[in-house]
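Reviewing the structure listed below.
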Protein chains: 2
Amino acid sequence: MTETARPLRRDAQRNRERILLAAHDVFASRGFAATLDDVAHHAGVGVGTVYRRFPTKEALIEALFVDRLEDLVSLAEDALALPSGWDGLTMMLRRSIGMHAVDRGLRDAALCIGIDKNHFAKVGEHLLPLIQELFDRAHAEGSLRADVGIHDLPIIMATVTDLARHTPPGRPEIFRRFLELIIDGLRAGPENGDLGPAITQEDVEAIVHDCVPPIEARRRG
Amino acid sequence: MTETARPLRRDAQRNRERILLAAHDVFASRGFAATLDDVAHHAGVGVGTVYRRFPTKEALIEALFVDRLEDLVSLAEDALALPSGWDGLTMMLRRSIGMHAVDRGLRDAALCIGIDKNHFAKVGEHLLPLIQELFDRAHAEGSLRADVGIHDLPIIMATVTDLARHTPPGRPEIFRRFLELIIDGLRAGPENGDLGPAITQEDVEAIVHDCVPPIEARRRG
DNA sequence: CCGAAGTTGAGGAATAACCTCCGCTTAGTT
DNA sequence: AACTAAGCGGAGGTTATTCCTCAACTTCGG
């Protein structure tokens, strides 16, 4: 049953790389909503070529993002290396949101971690414990308010990056400002209001599912 | 040049009311993105009837919302009646966002105030000074951090109501929780971070413009 | 009972995304 | 050089979605 993947012809290989390069750009600006037609155009290649190389959008997305999500793991590791839990957590927030604002595809992929079992489960296994640890350390320190938890993170990410999307390009100050406001809201303080019941995993799934374009195109029916 | 608006036939008048009722529901759930076909369907009326009565979506939106936006003016007045500026401002935030979460059309209309000179300019003239006063009072008190201003309001509103939109119906706790987090971030405090440069009117216009479906349908061209 | 006012909903036109197909080109082997 | 399998291009079929019109029909009200 093992597919003997025979090597691509050299021109095909070159085109494959062109496609991946173009896909990087197109997905960066349009996220998972990008179309393969669009990718083809940017790659200076026919649509058919793209479909031949990546039979579905899923395949292309996996080829593009599975590795790049590891960057988030490194980021979390860097954040855990900081002596202060608060600094670690806020650095993670600022940097990851910065990355996602620049690459909307990466954002969509990151939001799928922990939601989509098919594509990004592996990264999730690495990443989620690190993030949990970031929260735990900040909680233990007393710097992070006790009534927020890891499930708040995707909500914050989704919301701020959505603002970033609507923000004129070249004005990152705006969503950064908004993020700083939220970060100040995350800080433990005597006057903090009541946040009400915590976010559940189901909430996160419902919201993220609704915020991220579907990876697989709706089949005709 | 005065149009002698002759009275509608009785059945037409009844249909007009049905349409407005249906439009209320449809716009509440879909916002300005609702289609007149949709409204017609919900009203149990042919599409043609809707187009006869309201030649454009604009006309229908105006008929629906111009009055209802006055509710926001009342709300702001109530908020100004509170002794504490902080309580007034946060009440305004909580209540208006609550209203907008329930009626997405109202949200879209409210966001257009101060952006769209054609449709809602009059309400803006009433509302904006009241809101400015809310901010001024809270600033004077020292309860609201000095580095946020009235231009932050539409950003907060747009963002939180957008979350509300993605939130499963019947779980208002989620966006409320998020709003409370932001409110705690708005409170003046010694540890507050640096928000960076303030939001400008142009920023607001660009963002809101991008967050709200266009009132006028794109003409074919 | 008639004419003006009103209604209807199928359907034309624009837009947009997905993907296939088949005639043509090219790499690379003999 | 010739041949062939691999690869390429992109027009166009298909499915949606939205906007809005129009010609045939119905109803109101004098």
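The values are calculated or read from the model by the stated rules, or taken from the named source; none is laboratory data. Bear in mind that the values here come from a model prediction, so they are computed numbers and not experimental data. In this analysis, Cβ positions are derived from the backbone assuming ideal geometry, glycine residues included, and neighbour counts consider all displayed protein chains. Ligands, DNA and RNA are stripped out before the accessible areas are found, and what is left, the full protein with its side chains, is counted by its heavy atoms. Shrake-Rupley method; radii C 1.70, N 1.55, O 1.52, S 1.80 Å.
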Axis-proximal residue, chain A, for the rotation superposing A on B (Cβ, Å): A:Gly185, 2
In Å², nearest 10: area of B:Asp37 left accessible to a 1.4 Å probe: 80
Sequence-separation-based contact order of the stretch B:64-221, relative, with Cα cut under 8 Å and 6+ spacing, percent: 26
Karplus-derived 3J(HN,Hα), 6.51/-1.76/1.60, for each residue of the stretch A:111-122, Hz, glycine and proline x: 5, 6, 4, x, 10, 8, 6, 7, 9, 10, 4, 4
For B:Lys117, solvent-accessible area (1.4 Å; no DNA, RNA or ligand), Å²: 130
Residue with peak Gaussian network fluctuation, chain B [Cα springs, cutoff 10 Å], from B:Arg187, B:Arg137, B:Arg171: B:Arg171
Surface per residue (accessible, 1.4 Å probe) for the stretch A:67-211, Å²: 41
Taking the C-alpha atoms of chain B, convex hull volume expressed per residue in Å³: 162
At 7 Å out from Cα toward Cβ: B:Pro168 inter-copy label distances (nm, ascending): 4.0
0 to 90° range, to nearest 10: angle between helix B:85-102 axis and chain B longest Cα axis: 30
HN-Hα J in Hz across the stretch A:197-211 - Karplus 6.51, -1.76, 1.60, θ = phi - 60°, x for Gly and Pro: x, 5, 6, 9, 4, 5, 4, 4, 4, 4, 5, 5, 3, 7, 9
Among A:Gly149, A:Gly196, A:Gly105, residue whose mean-square fluctuation peaks in a GNM of chain A (springs only between Cα atoms under 10 Å): A:Gly196
The stretch A:67-82 - phi-based ³J(HN,Hα) in whole Hz, Karplus 6.51/-1.76/1.60, Gly and Pro as x: 6, 5, 5, 4, 4, 5, 5, 4, 4, 4, 5, 4, 5, 6, 6, 5
Most mobile listed residue (A:Glu133, A:Glu173, A:Glu62) in chain A, GNM with C-alpha springs under 10 Å: A:Glu173
Shortest-first nm distances, B:Pro55 label point to equivalent points in other copies (7 Å, Cα→Cβ): 5.5
Ascending list, in nanometres, of distances separating the A:Gly196 label from those of the other copies (7 Å, Cα toward Cβ): 2.9
Two-site label geometry, A:Leu128 and A:Arg9: point separation in nm, points 7 Å out along Cα→Cβ: 4.5
Whether the protein assembly as shown is rounded, prolate or oblate, judged on the alpha carbon gyration tensor where a/c under 1.5 counts as rounded: oblate
MRE, 222 nm, helices only [DSSP H, n ≥ 4, -39500 (n - 2.57), over the protein assembly as shown, to nearest 500]: -21500 deg cm²/dmol
Charge sum, other residues only, whose C-beta stays under 12 Å from A:Gly114's C-beta, Lys/Arg counted +1 and Asp/Glu -1: -1
